[in-house]
1. Over the range 84-144, what portion of Cα pair distances is larger than 15 Å, expressed as a whole percent?
2. Just one of [x] 98, 30, 22; [y] 85, 41, 26; [z] 45, 34, 31 is Cα extents along the principal axes in Å calculated from these coordinates, so which is it?
3. Quick check: at a probe of 1.4 Å, how many percent of the accessible area of the range 1-60 sits on carbon and sulfur atoms?
4. Taking Cα centroids, how far is the range 14-63 from the range 76-144 in Å?
5. For the pair R29 and Q4, what calculated FRET efficiency results from E = 1/(1 + (r/R0)^6), where r is the Cβ-Cβ distance and R0 = 41 Å, to the nearest 0.05?
6. Quick query: amide H of A143 versus all other amide H atoms, modeled in the peptide plane; which residues come in under 5 Å with a sequence gap of 5 or more or a different chain?
7. For A77 and A98 in one chain, what is 0.36 nm times their gap in residues minus the Cα-Cα distance, to one decimal in nm?
8. So with the 1.4 Å probe, I'd like the accessible area per residue for the range 70-144, rounded to whole Å².
Amino acid sequence: MKMQKGFTLIELIVVIVILGILAAVALPRFVDLSVDAHNSAAQGVAGAIASGTAINNGVCLARGIGSGAPCNPLNVANVCTAALLTPFVSGVTLQAGAPVGNQQFQIGGTGDCLAATGNTTVTCTVTPSGTGITVANATVTCAR
């Protein structure tokens, strides 16, 4: 009698069914990662704002405000505005209104650096576009 090599039809069907079950379980997790991406991007922008303002504060303290140093004084009543925080990030758009694109972020909060003394920090919010997103917090170091 001659020995045949290969898989039977039942073995092939079982493998296809197992692959189908695995695909049905794993696929929904990978279908929509845009919410996670938007939240991570907002956290990155918040981190850039926080580190940029901390470096700015160090420069202002070391060289003094108004001495020709590249210092951006953050000494206003509401520092959480797009106009004041835009120099500390690049590649994205900070705005007061709701973001409509992937590279737009809404800046909010009412951090008061006008009455700040020493190394005062305030918290501003960074909101990405999309639904189901979470707001990231940026710790802004006041520079006087």
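1. For the range 84-144, the fraction of Cα-Cα distances above 15 Å is 53 percent.
2. Checking each listed value against the structure points to [x].
3. 74 percent
4. After rounding, the separation between the Cα centres reads 19 Å.
5. About 0.50, to the nearest 0.05.
6. L74
7. Extra length available between A77 and A98 comes to 5.3 nm.
8. 49 Å²
The values are calculated or read from the model by the stated rules, or taken from the named source; none is laboratory data. In this text the structure is predicted, and so the values were computed from the model without any measurement. Cβ: placed from backbone, ideal geometry, glycine included. Neighbour counts: every protein chain shown. Areas reflect the complete protein model, heavy atoms only, side chains present, ligands, DNA and RNA absent. Shrake-Rupley method; radii C 1.70, N 1.55, O 1.52, S 1.80 Å.
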